[in-house]
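Taking it in order: structure first as structure tokens, then the write-up.
The values are calculated or read from the model by the stated rules, or taken from the named source; none is laboratory data. Every value quoted in this text rests on a predicted model; they were computed, and no experiment measured them. Note: ideal-geometry Cβ built from the backbone for every residue, glycine included; neighbour counts use all protein chains shown.
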Amino acid sequence: MRAWVRGRDPLLLVSAAHPMPEDVRPELTAADENWPQVLLERQAARLLVACVQAVGGRGQIVPVSGWRSREEQQQIWDDTMEKEGEAFTRQYVALPGCSEHQTGLAIDLSLAAPHIDFIRPDFPDTGVCRAFQEQAGKYGFILRYPAGKEHITGIAYEPWHFRYVGVPHGAIMTQLGLTLEEYLELMDGYPDGDRPFRFRMGEYQFGICRLPDDCPEEDLPRGEGGCQLSRDNRGGLIVTTWCREG
Ligand SMILES: [Zn+2]
């Protein structure tokens, strides 16, 4: 197995239809030094802190839930079933084995308050929370379950649940108004490394294509500036290359 495969697949789709692959072991760290019990994949944690800082949200935006093991997800499912019943649970809690939280790339955020609702934290569309939502794309995060896309994501609108997808993907999805499902479908249309989807961000020019995930390493495109690989959990490998333009 290639070294890059383990735990660094920012575009991994995990949902009821696409369960968490068993070989993904994210490298975890505290999402925020003040909340050491909330864990995130290393790179996602770094960018979360940067985005919260950029909007002046330190101390006001609180990470509530990050990485979960399958067992924890089962526990949350069972507890919510008991307390809230089946309809509520199916609407707001992902099936064990099918939660994005198991990737270490998802984070539930709340506005700081004396009492925080663990299942449905308060993350209003105002003030510092709104500023975070507006800047998130630049830092590689998306609002994962937006209103109006429930038929695509299969999950109710969750203003508190953000997902790290990496740079520049977060910015592209935000700009085009795409969910992760829709973005991966868009990339299905770019199966040729010589004719990638192109995106300009600051001084960088990105090229993105989707190849089969068993594509031999020597056939992968190489960017002048660098190359990032991510499995999509649908049999594909999203290859992102970039170069700096003056
Ligand atoms: Zn969540």
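Numbers at a glance
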| quantity | calculated |
| --- | --- |
| Identity of the residue in the stretch 56-94, of a type in the set (A, V, I, L, M), more than 11 Å from the ligand (Cβ to nearest atom) and touching a helix residue (DSSP H, G or I) at 6+ places or on another chain (Cβ under 6 Å), that ends up farthest from ALA131 (Cα to Cα) | MET81 |
| Qualifying residues in the stretch 95-140 (those that are polar (S, T, N, Q) and touching a residue at least 40 places away in the same chain (Cβ under 8 Å)) - the one farthest from the ligand (Cβ to nearest atom) | GLN135 |
| Unique match (being more than 22 Å from GLU33 (Cα to Cα) and aromatic (Phe, Trp, Tyr)) among TRP77, TRP67 | TRP77 |
| Some residue of the stretch 91-113 being touching an Asp or Glu at 6+ places or on another chain (Cβ under 9 Å), surrounded by fewer than 20 Cβ atoms within 10 Å (Cβ to Cβ) and closer than 22 Å to THR29 by Cα | yes |
| First in the stretch 1-19 and at pLDDT 95 or above, second anywhere and basic (Lys, Arg) and in a loop (DSSP other than H, G, I, E, B), Cβ under 7 Å, 6 or more apart | LEU13/ARG234; HIS18/ARG234 |
| Every residue from the stretch 200-220 that is assigned to a loop (DSSP other than H, G, I, E, B) and closer than 18 Å to ILE172 by Cβ | GLY202, GLU203 |
| Hits in the stretch 150-199 (condition: at pLDDT 95 or above, of a type in the set (A, V, I, L, M, F, W, C), in a loop (DSSP other than H, G, I, E, B) and within 15 Å of the ligand (Cβ to nearest atom)) | TRP160, VAL165 |
| Every pair of residues 6+ apart whose Cβ atoms lie under 9 Å, when the first sits in the stretch 33-60 and is without any contact (Cβ under 8 Å) to a residue 12 or more places away in the chain while the second is buried (at least 16 other Cβ atoms within 10 Å of the Cβ) and of a type in the set (S, T, N, Q) | ARG46/THR29 |
| Top-ranked residue of the stretch 104-135 - restricted to ones that are within 17 Å of GLU71 (Cα to Cα) and at pLDDT 95 or above, ranked as farthest from the chain's Cα centre (by Cα) | GLY104 |
